[in-house]
Amino acid sequence: MTTDLAAELRSATRTAHEQAEAMPFVSALMAGRVPLDAYVDLLTQHHAVYAALEAAEPFVRADPAGATLLFDALARSAAIEHDLAVLRGPTWRATVRTLPATQRYVDRLRTVAGTWVGGYAAHAYTRYLGDLSGGVTIRGVLRREYGLGDDALHFYAFPGLGKPKPFKDLYRARLDALPWDDAERARVAAEAGVAFGLNADVFADLGAVHLP
Ligand code: HEM
C-alpha cells in the first residue's frame, strides 16, 4: 500500500512524540519547575543540532527534490544565537557544554543529513515541524512562567514564513511530492524515529543535569 510520506512520518513517530512530551525534563520545563538556566542549556544543545542540520543544506540544495524542502525562513541558528546572547550575554559561547547525547545527535546529522537527502528530510521534519507545532506551546510557557519577552524568543519566531498552519501544510505537501518509492519512504520514516530517539536522549541528559 502506498502512503504519503508526511502521514507515514507522523504515524511512525506518534508514540515517540507522546513519550518525548512525557519526559521528566520536558514536563518540568513545561510546568516552570526548572530554573531558567535549564532552558538556556536546552537552547545551547539546540544550537549544536541546528548548526549540524543546516550545514547539510548545500548538499541537499544540489538535489532538485531535496531543494524543495529548503526555506530560508526556517533557519534557526542565527535566531538561537541571538537568544543566547540575550539570555547568557555576549560571551555565551564560552559557557556552552555540549552534552553526550547532543554530540551523538550532531554526529548522526553529519553522517546522515549531509550525505542522504532522505536523512535530511527525516531530521528536518522532526525539528522544523516540531518547532512550528509544540514550539508555540513552549513559547507560551517561557513567557508566562519565566517572564521572557520577544527579544529572548527569536527561536520561536519565523518571520517571512506566514502562519504556521498553512506553512506546515505546504511542507507536508512538499514531503508528499518527493519522488521516492515505498522502500525509501520507509527508510526516511525509520530515520525520523532515530531523530526522535536522539531528542529524547538529549532531554534525558538535560534531566540528569538539571532535575533533582
Ligand atoms: C513540550 C513538548 C511538546 C509539545 C507540547 C508538542 C506539541 C505538539 C503539537 C500540539 C503538535 C500538533 C500540531 C499539529 O497537528 O499541527 C505537535 C506536532 C509535532 N511535534 Fe511536538 N510537541 C512537543 C515535543 C516535541 C518534540 C521533542 C519533538 C521532536 C523533536 C516534536 C516534534 C513534532 C513534530 C515533528 C510534529 C509534527 C507532526 C506532524 O504533523 O507530522 N515535538 N507537537
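The values are calculated or read from the model by the stated rules, or taken from the named source; none is laboratory data. Every value quoted in this text rests on a predicted model; they were computed, and no experiment measured them. Note: ideal-geometry Cβ built from the backbone for every residue, glycine included; neighbour counts use all protein chains shown. SASA here: full protein model, heavy atoms, side chains in, ligands and nucleic acids out. Shrake-Rupley method; radii C 1.70, N 1.55, O 1.52, S 1.80 Å.
Can you spot a residue in region 172-195 that is within 13 Å of the ligand (Cβ to nearest atom), farther than 16 Å from Ala7 by Cα and under 15 Å from the mean Cα position of the chain (by Cα)?
yes
Is there a residue being open to solvent by 70 Å² or more (accessible area, probe 1.4 Å) and free of Cβ contacts under 8 Å to residues at least 60 places away in the same chain anywhere in region 120-133?
no
Give me a count of the residues in region 64-77 that are surrounded by 20 or more Cβ atoms within 10 Å (Cβ to Cβ) and free of Cβ contacts under 8 Å to residues at least 40 places away in the same chain.
Result for region 64-77: 0.
Among residues belonging to region 143-171 that are within 13 Å of the ligand (Cβ to nearest atom) and in a loop (DSSP other than H, G, I, E, B), point out the one that is least open to solvent (accessible area, probe 1.4 Å).
Glu145
If a residue must be open to solvent by less than 20 Å² (accessible area, probe 1.4 Å) and under 16 Å from Gln45 (Cα atoms), how many such residues does region 98-119 contain?
Adding up the residues that qualify gives 6.
Residue under question is Glu191, and the condition is that it be in a helix (DSSP H, G or I), among the acidic types (Asp, Glu) and surrounded by 20 or more Cβ atoms within 10 Å (Cβ to Cβ); does it hold?
When the stated conditions are applied, Glu191 passes them.
Against the definition (within 18 Å of Trp116 (Cβ to Cβ) and touching a residue at least 40 places away in the same chain (Cβ under 8 Å)), how does Arg144 come out, yes or no?
no
Pick out the one residue from Arg61, Arg14, Arg88, Arg33 that is of a type in the set (Lys, Arg), free of Cβ contacts under 8 Å to residues at least 60 places away in the same chain, more than 16 Å from the ligand (Cβ to nearest atom) and surrounded by fewer than 17 Cβ atoms within 10 Å (Cβ to Cβ). Walk me through it before giving the result.
On the way: Arg14 fails: more than 16 Å from the ligand (Cβ to nearest atom); Arg88 fails: surrounded by fewer than 17 Cβ atoms within 10 Å (Cβ to Cβ); Arg33 fails: more than 16 Å from the ligand (Cβ to nearest atom).
Among Arg61, Arg14, Arg88, Arg33, only Arg61 is of a type in the set (Lys, Arg), free of Cβ contacts under 8 Å to residues at least 60 places away in the same chain, more than 16 Å from the ligand (Cβ to nearest atom) and surrounded by fewer than 17 Cβ atoms within 10 Å (Cβ to Cβ).
Counting residues that are within 22 Å of Gly160 (Cβ to Cβ) and aromatic (Phe, Trp, Tyr), which helices (runs of 4 or more DSSP H) fully inside region 25-124 reach at least 1?
Qualifying helices (runs of 4 or more DSSP H): 36-55, 117-124.
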